[in-house]
Amino acid sequence: MRLLLVEDDERVAAALVAVLGRHGFQVRHARSGHEALDALVPDGNEPYRVVLLDLGLPDRDGFEVCSRIRAGSGVPVIMVTARADIRSRIHGLNLGADDYVTKPYDMGELLARIHAVARRGAAPAAVGVPAPDAVPQQRGPLESRGIVIDRERRRVSVDGRDVPLTRKEFDLLALLAQSPGVVYRREQIFSEVWRSGWEGNGRTLEVHIGSLRTKLALPGLVEAVRGVGYRLIPECPAAADTVPPARSEH
């Protein structure tokens with residue numbers, strides 16, 4: 001899988017390229033926004049499946065780079081940055097970023113997020129906002145902890161027992177079940193399930209999570225990560241690689 005890494009910190013980039021290479025990625029490293037945009041011009045080679053985009057670039061702001069990428073391409077973009085404030089997260093997602101990861105991060109989680117957005121971007125689609133109520137596309141049923149999620153028929157069963165869910169409950173569960181163990185931030189959940197910003201809507205998400213726990217009769221299935229979001233508890237935790245912390249951005 002080809003991946004474009006946009007990062008001007010040589011130490012962080014070198015560590016990421018090494019780890020990603022060990023996990024089977026073919027990585028091109030762009031050190032500026034201009035270089036990143038040039039790399040995305042079609043040249044007859046296999047297209048990039050994911051862009052990892054730092055925001056603190058030397059020639060232009062990463063938000064501008066994301067906006068220009070999204071204007072001409074549907075390639076999934078993950079912003080990987082030290083900017084942890086909620087306004088930056090919301091702004092990035094509103095510009096069309098598929099995910100937003102703050103430094104320092106767990107490499108195992110980053111890898112899971114890369115695979116998740118790559119799966120969603122695998123099917124050819126027109127550039128633009130997805131249809132309302134759409135669930136990230138992935139073929140075949142999802143299965144985790146005795147739960148079977150049939151996305152084509154929009155049905156859920158637990159140990160063979162059918163569980164009726166509302167449309168949003170189903171979309172929420174399908175999102176979390178794509179990558180068990182990965183923490184989905186509140187703003188990402190609202191962007192992908194509700195197609196809106198999450199600010200001021202935290203109670204809505206809590207109600208849907210509570211309803212899922214009750215209907216599935218698995219109160220410990222979905223874990224709240226304080227101040228961040230939610231994740232589906234996997235059956236077996238996975239080990240992760242590590243990368244050095246990045247310099248702070250201003």
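The values are calculated or read from the model by the stated rules, or taken from the named source; none is laboratory data. Given the structure is predicted, the values throughout are model-derived calculations rather than measurements. Backbone-built Cβ (ideal geometry, glycine too); neighbour counts: all protein chains shown. Protein only, heavy atoms only, side chains kept; ligands, DNA and RNA dropped before computing areas. Shrake-Rupley method; radii C 1.70, N 1.55, O 1.52, S 1.80 Å.
Condition check ((1) closer than 19 Å to L16 by Cα; (2) in contact with a helix residue (DSSP H, G or I) (Cβ under 9 Å, 6 or more places away or on another chain); (3) free of Cβ contacts under 8 Å to residues at least 60 places away in the same chain) across all residues:
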{"position": "R31", "(1), (2), (3)": "yes, yes, yes"}
{"position": "E46", "(1), (2), (3)": "no, no, yes"}
{"position": "L57", "(1), (2), (3)": "yes, yes, yes"}
{"position": "D61", "(1), (2), (3)": "no, yes, yes"}
{"position": "C66", "(1), (2), (3)": "no, yes, yes"}
{"position": "R70", "(1), (2), (3)": "no, no, yes"}
{"position": "S73", "(1), (2), (3)": "no, no, yes"}
{"position": "V80", "(1), (2), (3)": "yes, yes, no"}
{"position": "A84", "(1), (2), (3)": "no, no, yes"}
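Looking only at segment 163-181, decide whether some residue is within 26 Å of D106 (Cβ to Cβ), assigned to a loop (DSSP other than H, G, I, E, B), open to solvent by less than 40 Å² (accessible area, probe 1.4 Å) and at pLDDT 80 or above. Yes. So, in segment 28-40, how many residues would count as being open to solvent by 80 Å² or more (accessible area, probe 1.4 Å) and more than 12 Å from A13 (Cβ to Cβ)? Matching residues across segment 28-40 total 2. Would you point out the residue of segment 2-14, among those that are more than 21 Å from the chain's Cα centre (by Cα) and in contact (Cβ under 8 Å) with a residue 40 or more places away in the chain, that is most open to solvent (accessible area, probe 1.4 Å)? That would be R11. Within segment 214-246, the set of residues being outside any strand (DSSP E or B), at pLDDT 90 or above and either within 17 Å of the chain's Cα centre (by Cα) or surrounded by 12 or more Cβ atoms within 10 Å (Cβ to Cβ) (or both) comprises K215, L216.
Within 30 Å of K215 (Cα to Cα), touching a helix residue (DSSP H, G or I) at 6+ places or on another chain (Cβ under 6 Å) and modelled with pLDDT of 85 or more: does that describe I90? Against the criterion (within 30 Å of K215 (Cα to Cα), touching a helix residue (DSSP H, G or I) at 6+ places or on another chain (Cβ under 6 Å) and modelled with pLDDT of 85 or more), I90 does not qualify.
Checking each residue in segment 18-27 for being touching a residue at least 12 places away in the same chain (Cβ under 8 Å) and either of a type in the set (A, V, I, L, M) or surrounded by fewer than 18 Cβ atoms within 10 Å (Cβ to Cβ) (or both) picks out V19, L20, R22, H23, G24, Q26, V27. Scanning segment 51-92 for residues that are part of a loop (DSSP other than H, G, I, E, B) and under 12 Å from the mean Cα position of the chain (by Cα) yields a single hit, P76.
Scanning segment 12-21 for any residue that is farther than 26 Å from E187 by Cβ, at pLDDT below 90, β-branched (V, I, T) and not in a strand (DSSP E or B) turns up nothing. Inside segment 82-102, residues that are farther than 13 Å from R185 by Cβ and open to solvent by less than 30 Å² (accessible area, probe 1.4 Å) make up a count of 1.
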